[in-house]
1. Just the Cα atoms of segment 496-553, one point each, no solvent: what log10 I(q)/I(0) does Debye give at q = 0.18, 0.23, 0.29 Å⁻¹?
2. Rounded, prolate or oblate: which fits segment 357-425 when a ≥ b ≥ c are the square roots of the eigenvalues of the alpha-carbon gyration tensor, with rounded for a/c under 1.5 and prolate only if a/b beats b/c?
3. Calculate the FRET efficiency for residue 293 and residue 367 from the Cβ-Cβ distance with a Förster distance of 25 Å, rounded to the nearest 0.05.
4. Going by average Cβ density within 10 Å per residue, which order do the peptides 130-141, 366-377 take, highest to lowest?
5. With contacts defined as alpha carbon pairs under 8 Å and 6 or more residues apart, what's the relative contact order of segment 147-250 in percent?
6. Just grab the label-to-label distance for residue 125 and residue 219, each label 7 Å out from Cα along the Cβ direction, in nm (one decimal).
7. I need the peptides 249-261, 228-240 ranked by packing, meaning the mean over residues of other C-beta atoms within 10 angstrom, with the highest value on top.
8. Mind grabbing the base-10 log of I(q)/I(0) for segment 297-405 at q = 0.11 Å⁻¹? Debye formula, identical points on the C-alpha positions, no solvent, two decimal places.
């Protein structure tokens, strides 16, 4: 019995980063072999420090496992055995993280046991990547996930997503570059390739692109900066402009985790939709959503992890708008969220549990939970008057939530002094304060206290030597934050520990545009690459409409010399760059 011709299903409890239950359908994918055990075609090969590749056939597809140079330190015996859907682990312990939406309808594509026979081997020093040819049943542009089974002993264990794939033409399969959240294959293990049910996967694919909307006039539409090609960073990134007809004042955009669907909000209070970023050939849909009844100026948009629901600020003084149906391509208004005053910046945590909305009079915190009848509930838990935005508006409005710990956020500026960075912990329900100040005596101890009054939420870190703060981002591992200012970059450590502190001095390297030298400044938007190795910086130099995007190495010890540069990019005045 072959998987291509017979439909069956297997329930795997606990699949992905992620899941409480995975229902796998094996119907028409690349799988093959008889049910109940390994499929024929297992191979054994010795891989050396120079690298190598191994081909394994399953059904009509041929999978290639690529071992890069340095993946192993010496001759290492590797065995790869194809597995059918009934022979992969199906244990009852739920995964430790709850970011996965109920996901009946996931489809089995292929599975393998990767084993190493060399004594003393622990892990691959470089990730092993997987490609395929001859895959059937999936159109070009389909995103697939790669999961590994992590056993905890006995009959317990869980599946964890470690990578994503993109289906190309003629049944080709390409694995996306690794990221901090999806490191790829680094350990011998049981591996599963599957197609997630629509709107269920939170595995954020790394396409090596930065997307900046032309907020300066809209003529360039969406500017897509490609900085990774063929798994390598480019020293000269490539820019593609995606015009958006009749749009202006483009203040924010968001993408589904697989990169297939995008949303954009403009100053005409219109939500627009685009697709195909994952294919490198994006298009703008003719569908639009008029949100004029929900404010006078579309200011910001944030998307839920499942990609199907977004929250939009239309600059209303009383409500935010919820939009659903993004994945299906049939978006509709789905409700509103009451707010105490204008909140023109919104951000949502990676796990979909926290919404922050900010404006001039404060920062409002919401707890997000699934609604019993579908959709979500947004419950206000605090309104932090002291963290109102001064001198910033729209986009993310000077806010960043930790990608790995939604209880923590860094906010720049506040209602009293623009030149501070604040660490908020205990989100969304139990905010607390942990304070440390620059230039304090070494004997000064870290203080921690429960918050009683909303206006006292947050811990402030005074920043000197700057006259304007514009943007903030937190590293993929949740440890560092980078602040973009008028005079350069500021690196902060201690996001994960509560000991927020500045690392080194303000970083303002020189770069050249058109024969003229500039010291890095006027940084209005920035973000980390998904592997955490670089900060992608948008600087309004020489000007806002003719700005510069730089890739700057970053680590816990500081910044490195700019690695890549592209000129002639319209840089938005608000922090809205999207890294995917």
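1. Each listed q maps to, in turn, -0.72, -1.01, -1.25.
2. Working: a/c = 2.39, a/b = 1.85, b/c = 1.30.
In terms of gyration-tensor shape, prolate.
3. Working: r = 26 Å, r/R0 = 1.04.
After rounding, the FRET efficiency stands at 0.45.
4. Values: 130-141: 17.7, 366-377: 14.0.
Per-residue mean Cβ counts within 10 Å order the peptides as 130-141, 366-377.
5. Details: 163 pairs, mean separation 20.5, N = 104.
It rounds to 20 percent for segment 147-250.
6. Output for this residue pair reads 5.2 nm.
7. Those peptides, ordered most packed to least, come out 249-261, 228-240.
8. With one equal scatterer per Cα and no solvent, log10 I(q)/I(0) is -0.30.
Just so you know, all these numbers are worked out from the coordinates, no wet-lab data involved. What you see is a predicted model, and the numbers here were worked out from it, not measured in a lab. Using ideal geometry, Cβ is built from the backbone for each residue, glycine included, and neighbour counts are taken over all protein chains shown.
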